[in-house]
Structures are given as structure tokens and as C-alpha cells.
1. Using 0.36 nm per residue of separation minus the Cα-Cα distance, give me the extension gain between Asp245 and Ala292 in nm, one decimal.
2. So what is the 222 nm mean residue ellipticity for the chain from helices alone, if each DSSP H run of at least 4 adds -39500 (n - 2.57) and you divide by all residues, rounding to the nearest 500 deg cm²/dmol?
3. Once R0 is set to 41 Å, what does the formula 1/(1 + (r/R0)^6) return for the Cβ-Cβ distance between Gln14 and Glu282, expressed as a FRET efficiency to the nearest 0.05?
4. Contact order normalised by length for the chain, with contacts defined as Cα pairs under 8 Å and 6 or more residues apart; what percent is it?
5. Name the shape class, rounded, prolate or oblate, that the alpha-carbon gyration tensor gives for the chain, where a ≥ b ≥ c are the square roots of its eigenvalues, rounded holds for a/c under 1.5, and otherwise prolate holds if a/b is larger than b/c and oblate otherwise.
6. Determine the sum of side-chain charges near Pro10: Lys and Arg each +1, Asp and Glu each -1, restricted to other residues whose C-beta is under 14 angstrom from that of Pro10.
7. Where nothing but the Cβ of Lys and Arg (+1) and of Asp and Glu (-1) is charged, how large is the charge dipole of the chain around its Cα centre, in debye to the nearest 20?
8. Can you put Ser276, Ser193, Ser231, Ser15 in order of Cβ neighbours within 10 angstrom, beginning with the fewest?
Amino acid sequence: MNPTDDRENPNPLQSLEEWDDFLRGRYLEVTSPDLASFQGVDPAKKQDQFRNYEEDARPGVREFYRLNHRYQTYQFARAKRQQYLTLDRSQMGIWEAAEYLNTLVDESDPDTDLSQLQHLLQTSEHIRADGHPRWFILAGFIHDLGKILCLWGEPQWAVVGDTFPTGCQYSGKNVFPQFFTDNPDHDDRRYQSRLGVYEAGCGLDQVQLSWGHDEYIYHVVKDYLPDPALSMLRYHSFYAWHHEDEYGYLTNDRDREMLDWVKAFNPYDLYTKSHSPPNVEELRPYYEDLIAEYFPAKLNW
Ligand SMILES: [Fe+2]
Ligand SMILES: [Fe+2]
């Protein structure tokens, strides 16, 4: 099902968190200095670190992006949509899915890393503390539930990683753009014109991004949340768009309207690793209420 070479380790990251740490290093200190200083990042080092983020990446992160850029083809992303978007694998409530995701154990640094559930709660609690609407808090709480794809046997490179449009030219502002030369689509003329298989201004809804946890959770919840929340979920890893201003020629008015929401969400995702982990049992009743306000008891996964 997944096309990796047998000799390759499909999961080079010590944990999914290692990818999140890399993102934090690339983006948080530059765009959200207050949040960065909260996390103990030295402001004097910021710009240098930003310039060298690829060079300084840990070997596992580098290898992860090499696999991601090599194997996420237009056909692969399409096949995964067909495989998973039937949503007939499981029926679970939101809290249940969060607990299920939490069984994904971090192999690195078990003492200091946050669990998946704690990352979700930390994201949503910061959104709540800033006085945002309830649907925004809920989007924060569920944004990474699509990572349960890992528990269903998907390799890391098909679950996390910055997403990018397949089926058209790769922007050089995607991270590690040199690894796209190994992607079979790179030499396919159908997919490497500026527009590729798309029409100008077609809207991101028509664009097949590389497959991962964003697209999956969007489909699971798309009937239940307002559009800004859905855009946050679906595009939160599409850094080339929301941070680098690339691929604008594929967007429509609706996407451009949603972009501010996607950007508003991003610092909360990067803003984890708080000094005190959230108390899951204390917070649970609040979230059970919030979940019940928007979702049925069980959803199709
Ligand atoms: Fe995510
Ligand atoms: Fe996240």
C-alpha cells in the first residue's frame, strides 16, 4: 500500500513531536516573539536559527522530509483519499478518539514530552484563555486527531509534515525543496507546469494537497463546524501558503477570506510545551460539554 523502499526506515522521527519541534524552530520565534520568549528561545539567536533551519535539522527530520517529498505523489495522495475518506473504519466520539490517539507513545524523552492529548489541550486552553469563540477552542482541541492514521499503520511521512499541492509545480519555498527531485511527479510534464492539473483560482478545495492528518480530520468533522474552523483544520500544516504566501494562484476569494483564520490558529499550534502540563481529568468535563455542543456522540472515522 505504501510505496517505500524495503531498505528504508519509514519512521525516521523519534516521535511525531520531533517534526513539531522543527516547525517551532522555523516559525515560532520569527512570527511570534512573545510566545518564543515564553518558551525560553533566546531572541538574539532567532534570525540565525531561521536562516539555517535546514542545515541544523536533526538527521531524522531530514530523512523524514526526504521520504515525504519523494513518496507523496499526486497518485499517492489520491489513493489515500480513496482508502480513508470512505470513513468506514471506526465509530468513535471525539474524546474517545483523543484517548485513542494518546496511545501513540513517544519513544523520545518520555519525561519531558507532552502526550498527544496534552498537546491538544494546551493548544485549546491557550485559545480559550485568549477569549476566542467556542468553535475555535474546539478546533484547537481536535486539530491533530487525524494523527490516528499512525495507529492504523501509516508511516510518519504520510501523516505529518508540511503539506503541499500535488499535481502542479513545487514551490521552492516548501521546506527542503531539493528533495522533490526524487518525486516521480517531478519529471512528469502533466504535473510540473505552474498550474499542473488545476485551473487558476480554482480554490484549495479543488487542490489535492499531500496526504496527512489535516485532510483526514477535516473530512471526519466537516458537517459539524463553521467554515473558519474547517479551514484551520484542513490547512494548518500548509505552511507554504499560510506562512510563505505561495500558491496564491490556486486560491479563490473564499480561501483568501479564510487565510486570516488559518494564520490566527497557527501560533496556538506552535505554542506548546508550556511549563505546566494541563490536568486532563480536571479539564475533561468542560471539553465533554463543548464536544456535545457541536458533535454527535459518535462520528465516522
Ligand atoms: Fe497538526
Ligand atoms: Fe498540533
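Read-outs: derived from the displayed coordinates by stated rules, not from any lab. Everything quoted here is computed from the prediction, not taken from an experiment. Cβ sites come from the backbone with ideal geometry, for glycine too, and all protein chains shown count toward neighbours.
1. Working: separation 47, 0.36 × 47 = 16.92 nm, distance 3.62 nm.
Stretched fully, the Asp245-Ala292 segment lengthens by 13.3 nm.
2. Numbers: 14 runs with 134 residues, N = 301.
The helix-only estimate for the chain comes to -13000 deg cm²/dmol at 222 nm.
3. On the way: r = 30 Å, r/R0 = 0.73.
Approximately 0.85, to the nearest 0.05.
4. Details: 415 pairs, mean separation 76.2, N = 301.
Across the chain, relative contact order equals 25 percent.
5. Details: a/c = 1.36, a/b = 1.20, b/c = 1.14.
Cα axes put the chain in the rounded bin.
6. On the way: positive: Arg7, Arg66, Arg70; negative: Asp5, Asp6, Glu8, Glu63, Glu154.
Result for the local shell: -2.
7. Numbers: 29 positive and 51 negative charges, 160 e Å.
Using Cβ point charges on Lys, Arg, Asp and Glu, the chain gives about 760 debye.
8. Ranked by crowding around the Cβ, least crowded first: Ser276, Ser193, Ser15, Ser231.
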